[in-house]
Every structure is written in C-alpha cells, then in structure tokens.
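Values quoted throughout were computed directly from the atomic coordinates according to the rules given, and no laboratory measurement underlies them. On a predicted model such as this, the values are computed, not experimentally measured, just so you know. Note: ideal-geometry Cβ built from the backbone for every residue, glycine included; neighbour counts use all protein chains shown.
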Ligand SMILES: Nc1ncnc2c1ncn2[C@@H]1O[C@H](COP(=O)(O)OP(=O)(O)OP(=O)(O)O)[C@@H](O)[C@H]1O
Ligand SMILES: [Mg+2]
C-alpha cells in the first residue's frame with residue numbers, strides 16, 4: 001500500500017485531483033452564470049482576482065488569514081452583484097458578441113487596475129497549511145496539508161452549491177428564473193434579483209477558487225493569475241457541458257488528472273496543448289458536452 | 001374584482017386593444033371570447049403586467065395595476081395561467097407546485113397535499129418531470145400551480161386548447177367549482193365559445209381589439225349575430 | 001447619391017493631379033524617379049477608372065481594384081517623404097489592419113468573434129520565419145502565401161468543432177488558444193527558437209525585381225528599409241481588395257443571411273456550418289498574413305509579441321474602429337499604430353511617472369475601458385457612428401437603410 005501511494009502513478013493522480021478541483025470550481029462558476037443569464041463570463045477569472053487582492057492584500061495588513069478570506073468572499077459577492085447590475089443588465093437580448101466584448105474589456109481593465117495598484121510582482125499569501133508533501137515510510141507522496149485544504153474546500157463548495165440548488169426554495173427560484181423567466185415572474189419570483197444573485201454566487205465561488213490558487217506557495221497572487229486557470233476552467237465547462245454543473249466538475253477533475261500525467265511524462269509545455277486537443281476532440285465527438293443532458297445546443 | 005377601463009395596448013404601431021372596458025366580478029366567471037388575434041392574450045398579459053398599456057387603467061379592488069411589476073401583481077394574488085400552460089418541463093411536478101406556493105408564504109407541505117387531494121393524478125406523478133406529462137395533465141398541473149397560492153383572481157388563457165372534449169368539460173367543471181367555493185374572480189379566455197359560455201356568468205367579446213359585446217353570458221350565447229360573426233358557432 | 005459621387009470625383013481628381021505633379025517635381029532630383037513615375041501612372045489609371053461612372057456601375061470589381069491601386073500608390077508616394085519612423089509605424093498599422101479586416105469579416109458576416117487573433121498572427125509570423133530559415137531563396141510572395149496557408153490550417157482545426165455550436169464556444173476556444181500560444185511556442189522550441197525567437201536569414205535585402213524597378217544599384221531606397229514598408233503596403237492593398245470583394249460577394253451575402261436569420265439561410269440552401277467555418281478560416285488566414293508581414297518588417301520574430309495581451313489589443317482596436325466594417329479595420333490599424341504615442345502623450349500631460357505602475361498599465365485601462373464604452377454606446381465603433389451620421393444628413397427622416405447594410409455595401 002505504501003509503495004503504491006508513493007508511486008509515480010498515485011502521485012500523479014493525487015496531484016491531478018488537486019489541480020482538477022480548481023478547474024472544476026472555475027467551470028462551476030462559469031456554468032452558474034451561463035445557466036442563469038446565458039452569458040459566458042470572460043471576466044470570471046479577473047473579478048475574483050480583484051476580490052482576492054482587496055481581501056487578502058489590502059486587508060492583509062490588518063487581519064489574519066481567515067478574516068481576510070471572509071472579507072475577500074464578501075468583496076467577491078459585491079463585485080459579482082455590481083457587475084450584473086451595471087455592466088451586464090444592459091446587455092441582455094443584445095447580439096452574442098456584445099457581452100463577450102464587454103466582459104473581455106472588463107477583464108482587461110481589472111487586470112490593469114490590479115497591476116497599477118499592487119504591481120505585477122507575485123504576492124505570496126501566508127496560508128495556515130504547509131505545502132510540503134506528507135511522507136509515508138520515509139518517502140513523500142503527492143499530498144500536502146495545503147492540497148488537502150484545497151480539495152476539501154472545493155468539495156464543500158460544490159456540495160453547498162448542489163444543496164442550495166436542489167433542496168432550497170431559493171435554489172428553486174434560481175433555476176426557474178434561468179429556465180423560464182416569464183413564467184417565474186407570473187408566479188411572483190423576482191427574476192431580476194435572481195439573475196443578480198446568480199452572478200453574486202458565481203463570483204463568490206470564483207473568489208474561493210482564486211484564494212486557493214493564489215494561496216498556493218508556487219504560484220502566488222498576480223493580476224494574471226487566473227488567465228490560464230480560466231482557460232482550463234472553460235475547457236472543463238465546455239467538455240462537461242456548459243449546462244451541466246455536475247458534468248463540468250467531473251470534467252474538471254478528469255482533465256486535471258490527465259494533464260498531470262502529461263506534465264509528468266511529456267513536459268509541462270505540452271499540458272495546455274493536450275488540453276486544447278481534448279477540447280477539440282470532445283466538441284467534435286459530443287458537441288453537447290460529455291455529460292450534458294440538454295440536446296439543443298447544436299445549430 | 002377586476003375593472004378594466006379605456007385600455008389601449010399596442011405592439012409598435014399596431015394596436016392590439018382599443019379602448020377596452022369591462023368588469024370581472026368576484027365569485028363569477030367572466031369569459032373573454034374572440035377569434036384568433038382578437039387581443040385576448042394581450043388583455044391577460046396586460047392585466048398581469050407583462051405588457052404596458054398605452055392608455056387606460058386596470059384596477060383590482062381599488063389597486064391600480066398598470067404601474068406595478070409582474071412579480072408584485074402575482075404576489076397580490078392574481079394568478080395567470082399563460083397560453084400554452086407554461087409548466088417548466090425540466091422541473092418535476094412537485095417542483096412546479098412548490099414554485100407556485102413560494103410567494104404565498106403558506107405551509108408548503110399542507111398546500112401541496114391539498115392540491116394532490118384535489119387533483120389525484122398529480123399526486124401519482126409528483127416525482128415525474130413535467131415534460132413527461134400529457135397535455136391534459138400539464139393543464140391540470142398549471143391550474144394547480146396557480147391555485148396553490150390561494151389566489152383571489154385567476155386568469156386562464158385557453159385552458160381547453162388541444163384537449164379532448166371530455167377533459168375540457170372536466171376542467172370547466174373544476175373552474176366552476178373553484179369559483180363558487182373560493183370567492184375567486186375568474187377571467188376565462190377561450191376560443192371554444194360554447195364550452196366557456198356554458199359555465200360563464202358574464203361574457204366579453206373582442207373583435208380585432210374592440211369590445212363588440214359585454215353582457216350576461218346567456219344573452220351573448222343567444223345572440224344570433226354574435227354567434228355567427230364573432231364566435232364561429234353554427235346554430 | 002449625387003453628392004457622394006461628386007465628392008468622390010473631387011478627391012480622386014485632386015489625388016491624381018497631386019501625384020502627377022509630385023512625380024514631375026521630384027523625378028529629376030530623385031534617384032527613385034522611375035518608381036515614382038510608375039506610381040503616378042498607376043494613380044492616374046486608377047483615377048480615370050473611378051471617374052467613369054459607367055465603369056463604376058458595370059464593373060464593381062474593377063472599381064474596387066482601381067480604388068485599392070489608387071490608395072496604395074498614393075500612400076507609396078507618401079512614404080518617400082515620411083521619416084523612417086513614420087513609415088515603420090504606418091506599415092505596422094497596415095499589417096495590423098489586415099488582421100483586423102479578417103476579424104471584422106468574421107464578426108460582420110457570422111456574428112461570432114475570435115479572441116485569439118493575436119495567436120493566429122503568431123502562427124503566420126512564425127510560419128514566415130521558420131520557412132525563410134529553411135528555404136532562404138523562396139520569393140517573398142510565396143513565403144507570405146505559405147504563412148497564410150499555415151494560418152488557415154490552424155484556423156480550420158480550431159474552427160471545425162467550435163463554429164458548429166451556438167453560443168460563445170468559438171470565443172472561448174480561441175481565448176484558450178491565445179492563452180496557450182506562448183506555451184505552444186515553447187513546446188516546439190526547436191523550431192521556434194525558444195524565448196529569443198528567430199531572425200530572418202536574408203536580412204533586409206530587397207529582391208532583384210524590386211531593385212530593377214528602382215534606378216539600378218544606386219538608390220537610397222534599396223539600401224534603406226523603405227522597401228519593407230512599401231511591400232507591406234502593397235500586400236495590405238491586395239488583402240483589402242480581396243476582402244472588399246468577399247464582403248459583397250455571394251458567399252459574403254449568404255453568410256450575412258446566416259448571421260441575421262438562420263432559418264431563412266437554411267431555406268435558401270446555405271450550408272450553415274460551412275459558412276461559419278469558412279468565415280473563421282478567412283479571419284485566421286488574414287491574421288496570419290498580418291503576422292507574417294510583421295516578421296517581414298522587423299526581420300525577426302519574438303514570442304513575447306504574440307501573447308494573450310495582443311489578442312485583446314486586436315479586439316479593442318477593431319471594436320473602436322468598427323467591427324464588422326472594412327473602414328473600421330483601417331481606422332483600427334491607425335489607432336494601433338499611434339496608440340503608443342498617444343498613451344505616452346497622456347502620460348506626459350498628466351505628469352505620471354512613466355516608470356510607475358500606473359503609467360505602465362494605462363494601456364490596459366484605456367483599451368479595456370474603450371471596449372466596454374464602445375460596445376455599450378456605439379457597438380459599430382467610429383465607422384458605425386460615421387455611417388449613422390451620414391445617413392441622417394443624406395435622408396432626414398426619410399427611408400433610412402440600416403447602417404450595417406451600408407457598411408457592407410461600402411468597400
Ligand atoms: N409580441 C407581439 N408582437 C407584435 N404583435 C403581437 C405580439 N403579440 C401579439 N401581437 C398581435 O396582437 C394582436 C392580438 O394578439 P393576441 O395574442 O392578443 O390574440 P389572441 O386573441 O390571444 O389570439 P389567439 O386566439 O390566436 O391566441 C394580433 O394581431 C397579434 O398579431
Ligand atoms: Mg391568445
């Protein structure tokens with residue numbers, strides 16, 4: 001058992017899951033916004049990045065890690081809600097490229113503003129968890145206190161979102177507003193509020209993700225920290241199905257594991273190449289997403 | 001009671017309703033009849049705030065509705081069963097009903113049970129997705145979803161559309177019962193004039209946006225002209 | 001209509017006369033006299049074609065060719081007088097305009113958008129450099145064509161799966177490609193030269209035929225870098241000529257039908273998928289040509305140029321110029337060429353520390369902000385504003401053609 005756990009294969013799987021839950025979380029936040037407002041939010045990485053800077057760096061002078069985490073998430077909620085109200089609301093019903101362009105513009109502004117205020121130098125966040133791998137029988141295996149923290153947090157967030165959507169009245173209204181806005185309004189659901197809430201939640205999930213990513217000792221926090229992660233998250237969401245929260249999370253984890261093997265056995269520059277390849281092949285083979293139940297996505 | 005006065009509604013330059021006035025009394029069924037494109041759906045959508053009128057007023061027991069948001073109108077107890085029923089196919093029967101009960105702040109469990117008692121067919125299928133229901137079952141579901149919040153006004157847009165005569169008759173009977181027992185104001189939009197007139201107390205006939213008759217249902221039902229020209233009923 | 005024609009006539013006449021006059025004044029004193037004389041002749045021919053309204057009506061293709069010829073030869077004459085910095089800026093902007101007009105075509109006819117055109121420029125740029133390093137004798141025109149083909153192939157690979165889907169899949173996929181592109185270059189570093197990039201082997205030596213065109217062997221032109229600018233401008237003219245025809249061709253019209261009304265398009269017998277893929281491939285080929293021209297101009301290519309940021313800048317300048325329009329691409333190219341100067345000017349005016357964080361991020365803040373503002377207030381950019389304005393003046397209250405229609409018809 002020890003020998004297996006410290007083997008190369010097991011460590012790739014563990015490392016893959018650790019990265020994969022991050023891709024899954026980004027994919028989940030994309031799906032939340034896509035399902036509620038039909039917009040692929042290209043600033044889905046940058047908005048949480050901004051919240052993380054505000055919460056973890058600006059308030060980092062005054063408070064400890066956990067208080068900063070809470071502040072960052074609250075700021076994330078605010079950014080999400082404010083963005084939906086101000087930037088996104090005028091875009092409903094506009095041609096498809098309008099929200100794409102506006103959100104790309106927002107992404108650019110956020111990254112530039114963050115760099116203007118905090119510079120592009122990576123900031124390391126002090127985490128309460130060590131990034132050093134656990135040892136088993138004197139050999140390291142690819143799991144650290146930090147990666148456990150990351151995996152557990154991701155699972156908690158995913159379960160919380162699932163419970164909210166499946167089992168609460170709020171979740172029922174969120175889903176109804178996305179599926180049938182007019183009928184929902186006829187039943188007294190405040191649809192506009194639900195759309196704002198969808199963005200709020202999604203940015204909250206994104207902020208938790210961004211904190212995890214930038215708490216990682218090896219990456220740190222930079223204005224561009226989420227660019228690459230966003231690309232992987234989009235790939236996971238598209239492979240799993242933009243309509244399918246479960247599918248996109250599963251796709252995120254599976255892609256995370258595959259890419260860990262690629263990085264280990266081929267080289268790290270091949271990772272994103274393979275990710276693109278997976279995206280191309282899966283869109284060719286299953287345009288609706290590997291796990292999607294919705295059939296209407298093809299032209 | 002719903003009172004409509006001088007209502008004019010337009011889609012761009014095209015007027016769908018012109019100076020429409022009538023009253024729908026409490027505990028009575030008011031039928032709104034007319035051919036395709038007469039403006040019946042537009043009337044109901046304006047009452048529930050989905051469409052803003054150009055002129056005129058709509059009041060519900062002294063409350064002016066035209067300036068209100070759809071959500072708030074619904075929360076006042078005005079339930080609208082839209083044309084084509086509007087059940088959410090991706091939801092289960094129970095989820096559809098829960099959605100209807102949300103805003104009423106009632107005991108959800110109890111009101112669900114009440115509806116299952118009233119419409120046993122829904123109880124049997126509560127875990128099924130609504131898009132697996134038959135047309136008649138969907139109609140029942142959307143009625144139940146409207147009724148679960150104990151509305152004071154019920155707006156029904158062609159409940160008989162696409163249903164077999166027997167089911168239509170059942171639905172009409174249900175509407176009649178509800179109206180009698182619950183102090184409900186019902187506005188019933190129908191193409192199927194004969195079955196609507198059978199249960200209605202009052203009838204309004206629309207022709208391309210104008211009111212051409214506004215009278216007791218039996219009078220409208222007997223008027224040879226109306227029957228022939230506007231209601232498509234062969235005597 | 002009449003007013004448009006007459007103003008066109010005035011401009012054309014003035015341009016032709018100016019070119020001829022200039023060539024007479026300059027020819028005796030300049031070593032590049034032959035070249036100038038050729039340009040003047042071309043201008044006059046182009047001008048006379050444009051002046052004949054019968055020709056204009058009967059042969060739109062000839063008209064477009066004449067317009068392109070005139071525009072290119074006038075700007076070539078101008079390059080003789082500009083400083084080499086200005087020329088380099090213009091050529092950089094022209095190559096960018098080639099990229100932009102491709103993106104404009106994609107959005108204009110299919111309603112989709114690519115966020116990866118910076119990476120497609122990179123494909124062309126590196127294709128050009130790699131090919132030249134292995135086959136240094138290939139004529140420049142052939143190398144450019146090879147780069148275009150490379151762009152088309154990569155575009156096909158990405159476009160085939162993504163364009164079949166409704167929704168933002170193409171945008172997302174091209175963004176992933178743009179983000180991935182630097183890593184891809186590194187992965188193939190034995191070809192791409194790693195971080196340092198590649199140099200062109202035959203640095204800045206003009207081809208024989210070009211030397212022959214100028215006064216043989218003695219010109220200031222052939223020893224300088226002016227010929228690089230001029231070839232870039234000619235290539236730009238050719239690219240725009242083809243694009244103008246494509247916009248108004250049956251294919252282009254069919255694609256706009258796809259964008260505006262899928263059902264109608266299907267009824268008319270347009271193959272939706274093929275139309276979308278084709279539009280995307282055209283846009284990536286154009287981007288590749290733009291990138292190849294940059295490599296050609298700079299005599300080298302570095303991977304840092306083709307980062308994700310470039311793709312965003314491309315999107316910004318075409319949106320500012322007017323996405324979906326041809327003039328928008330020219331405006332965008334000009335904006336690109338002078339954006340650095342303008343931003344430096346702003347930095348100086350506002351007294352910002354040029355080395356500071358804020359000044360170095362001004363670029364992103366301004367471009368990102370303009371993206372948002374333009375999309376919210378004037379989704380068709382400067383070109384769109386111009387068209388709307390002209391329509392108001394031309395027919396006050398009368399029947400107004402939709403600005404987009406006009407935009408395409410204009411070429
Ligand atoms: N969304 C819309 N946009 C433009 N015109 C509309 C719209 N909806 C309805 N109309 C027009 O308004 C008029 C009334 O339509 P309405 O749907 O109210 O008729 P109806 O009486 O419900 O007809 P039916 O019995 O066929 O349901 C028709 O002429 C219709 O074409
Ligand atoms: Mg109707």
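The table for this structure:
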item: Rg/Rh (Cα only; Kirkwood hydrodynamic radius) as it applies to the stretch A:21-227; result: 1.01
item: Listed peptides A:168-181, C:172-185, C:280-293 by packing density, highest first (mean Cβ within 10 Å); result: C:280-293, C:172-185, A:168-181
item: Debye-sum result for the stretch A:161-299 in log10 I(q)/I(0), which assumes one identical scatterer on each alpha carbon, at q = 0.11, 0.16 Å⁻¹; result: -0.52, -0.99
item: Rg(Cα) / (2.2 N^0.38 Å) computed for the stretch B:85-150, rounded to two decimals; result: 0.96
item: Averaged over B:88-96, number of beta-carbon atoms from partner chains that fall within 10 Å; result: 3
item: Alpha-carbon centroids, the stretch B:166-235 and the stretch C:251-315: separation in whole Å; result: 59 Å
item: Antiparallel bridge percentage (DSSP; both residues within chain B; nearest 5); result: 55 percent
item: For the stretch B:68-227, fraction of C-alpha pairs farther apart than 30 Å, in %; result: 17 percent
item: Residue B:105-residue A:160 pseudo-label distance in nm [points 7 Å out on the Cα-to-Cβ vector]; result: 2.8 nm
item: Dimensions (Å) - the stretch C:240-330, Cα atoms, principal axes, largest first; result: 49, 23, 23
item: Ascending count of other beta-carbon atoms within 10 Å, so fewest first, for B:94, A:182; result: A:182, B:94
item: Pairwise FRET efficiency - residue A:182 versus residue A:267, Cβ, R0 = 35 Å, nearest 0.05; result: 0.10
item: The stretch A:1-140: Cα Rg divided by the 2.2 N^0.38 Å rule of thumb; result: 1.34
item: Efficiency of FRET from Cβ geometry, residue A:284 and residue C:271, R₀ 22 Å, rounded to 0.05; result: 0.80
item: Average Cα contact separation per residue, chain B, under 8 Å, 6 or more apart, as relative contact order %; result: 28 percent
item: Sites residue C:156 and residue A:119, calculated FRET efficiency, Cβ-Cβ separation with R0 41 Å, nearest 0.05; result: 0.50
item: Within 10 Å of each Cβ in A:91-102, the average number of Cβ atoms from other chains; result: 6
item: Residue among A:238, A:270, A:27 with the largest mean-square fluctuation in a Gaussian network model of chain A, springs linking Cα atoms under 10 Å; result: A:270
item: For the stretch B:1-45 versus the stretch C:61-87, the gap between their alpha-carbon centres in whole angstrom; result: 66 Å
item: Neighbouring partner chain Cβ atoms per residue of B:41-53, average, 10 Å criterion; result: 1
item: Highest average packing first - A:44-53, C:294-303, Cβ atoms within 10 Å; result: A:44-53, C:294-303
item: Sorted largest first, extent of the stretch C:50-192 alpha carbons per principal axis (Å); result: 53, 41, 27
item: Distance in nm between pseudo-label sites at residue C:199 and residue B:92 (7 Å out along the Cβ direction from Cα); result: 7.2 nm
item: P(r) tail fraction, the stretch A:12-94 - alpha-carbon pairs more than 20 Å apart, %; result: 46 percent
item: Stokes-Einstein D in µm²/s, Kirkwood radius over Cα pairs - the stretch C:59-405 at 37 °C with 0.692 mPa s viscosity; result: 156 µm²/s
item: Least to most buried among B:40, A:139 (fewest other Cβ within 10 Å first); result: A:139, B:40
item: Listed residues A:243, A:133, A:227, most fluctuating in chain A (Gaussian network, C-alpha, under 10 Å); result: A:133
item: Percent of C-alpha pairs per 10 Å bin, the stretch A:69-113, short to long; result: 25, 48, 23, 4
item: Fluctuation leader among A:277, A:217, A:167 - chain A, Gaussian network, Cα springs under 10 angstrom; result: A:167
item: Per residue convex hull volume, Cα atoms of the stretch C:300-390, in Å³; result: 125 Å³
item: Distance (nanometres) between label positions extended 7 Å along Cα→Cβ at residue B:126 and residue A:67; result: 4.8 nm
item: Directionally averaged projected area (convex hull, Cα atoms, the protein assembly as shown), nm²; result: 47.6 nm²
item: Acute angle (nearest 10 degrees) that the helix A:245-265 long axis makes with the longest principal axis of chain A, alpha-carbon atoms; result: 30 degrees
